[in-house]
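Asker: Sharing a structure below in structure tokens format, with a few things to ask.
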Amino acid sequence: MTDQDTATAPQMQTLTDVPKWTGYSSLDDLPFRIFRDCLIDHALEKLVISGTPDLEELADLWLRLYSEYHKLSGNTSMDAILQQVWERDCKKSVINVVKSLASQLQDGPDDVIAECLTTYGYSMPKYAGDDDVYEGHLNRITAQLKGAEHEVKQAQKILEGLQGDELTKNTFQTQLVTLSRHYKFPIKLNDLTTAEYCAYLSEYRKEAELLKNKQDAE
């Protein structure tokens, strides 16, 4: 080994320790606008800072952040909702990837893409030279996707029933206005971390509960 090889060896070793992706792992760092987009638009890819995570890893990260959000904001009775959120978002992420892969196969056979589809539970045998059989496999995947999309809709209905009124971006904007009036200073979306939003909301809920209990006692 040359002196140059010796000098570069430690650097090469550290490269193997670099994680394949990084994301927002804490509400202290997660901008509230990104949390809102994940919750309303299911845009979980916004949690990624660099790299490419597995879909299940991303869904698990979101579930953990969402659970922490409810605990910090003063809402701990969320087990059923959290399970539905995980199922909905995980299925939705898989559907989006499978749709993209299947659309590429419309242009012609690709064994690598076919293998990727199989790993997501959408069996796509390697092309054996029969166009009719190949088209049949694609049609089956399309039908399977429709079934998966129906499952997502059902999970969404269950989730909406558990959550009550549907959340929108306007819902959060209205909450920020309410919190700003309560604390008597502007609380702006682009200036907030999710942890800060939770702290404001938790304290607001506590004060509202104390006021309600006082009024009930009178």
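Each reported figure results from applying straightforward, stated rules to the coordinates on display, with no laboratory input. Because the structure is a prediction, the values reported are computed rather than measured. Neighbour counts are summed over all protein chains in view; Cβ atoms, including those assigned to glycine, are modelled from backbone coordinates with ideal geometry.
Asker: Return the long-range amide H neighbours of Thr193 (sequence gap of 5 or more, or a different chain), with a cut-off of under 5 Å between placed amide H atoms.
Answerer: Sorted by chain and number, the residues that satisfy this are Phe32.
Asker: Related question: Whole-Hz ³J(HN,Hα) for each residue in region 136-143, computed from phi via Karplus 6.51 cos²θ - 1.76 cosθ + 1.60 with θ = phi - 60°, x for glycine and proline: what do you get?
Answerer: Each residue of region 136-143 in turn: x, 5, 5, 5, 5, 5, 4, 5 Hz.
Asker: Which length gain, in nm to one decimal place, applies between Leu211 and Asp41 when the Cα-Cα distance is subtracted from 0.36 nm times their residue separation?
Answerer: Details: separation 170, 0.36 × 170 = 61.20 nm, distance 3.45 nm.
Gain on stretching Leu211 to Asp41: 57.7 nm.
Asker: Out of residues 5 or more away from Ile187 or on other chains, whose amide H comes under 5 Å of its own, with H placed 1.01 Å from N in the peptide plane?
Answerer: Here the answer is Ser180, since their amide H atoms fall under 5 Å of that of Ile187.
Asker: Which loop trypsin sites (Lys or Arg not before Pro) in region 182-218, with loop taken from DSSP, have no more than 15 other Cβ atoms within 10 angstrom of their Cβ?
Answerer: On the way: sites: Lys184, Lys188, Arg205, Lys206, Lys212, Lys214; in loops: Lys184, Lys188.
Counting only loop positions with at most 15 other Cβ atoms within 10 Å, the trypsin sites (Lys or Arg not before Pro) in region 182-218 are Lys184, Lys188.
Asker: Please list, in order along region 180-188, the HN-Hα scalar couplings obtained from phi with the Karplus expression 6.51 cos²θ - 1.76 cosθ + 1.60 (θ = phi - 60°), rounded to whole Hz, x for Gly and Pro.
Answerer: Taking θ as phi minus 60°, the curve returns 4, 5, 5, 8, 6, 7, x, 10, 9 Hz for region 180-188.
Asker: Something else about it: Report, ordered by chain and residue number, the lysines lying within cross-link reach of Lys188, taken as a straight Cα distance under 18 Å and ignoring same-chain residues fewer than 8 apart.
Answerer: Correct list for Lys188: Lys169.
Asker: To make sure I understand the rule: partners must be lysines, Cα under 21 Å from the Cα of Lys206, and not fewer than 8 residues away in the same chain. Which ones qualify?
Answerer: Lys71, Lys184, Lys214
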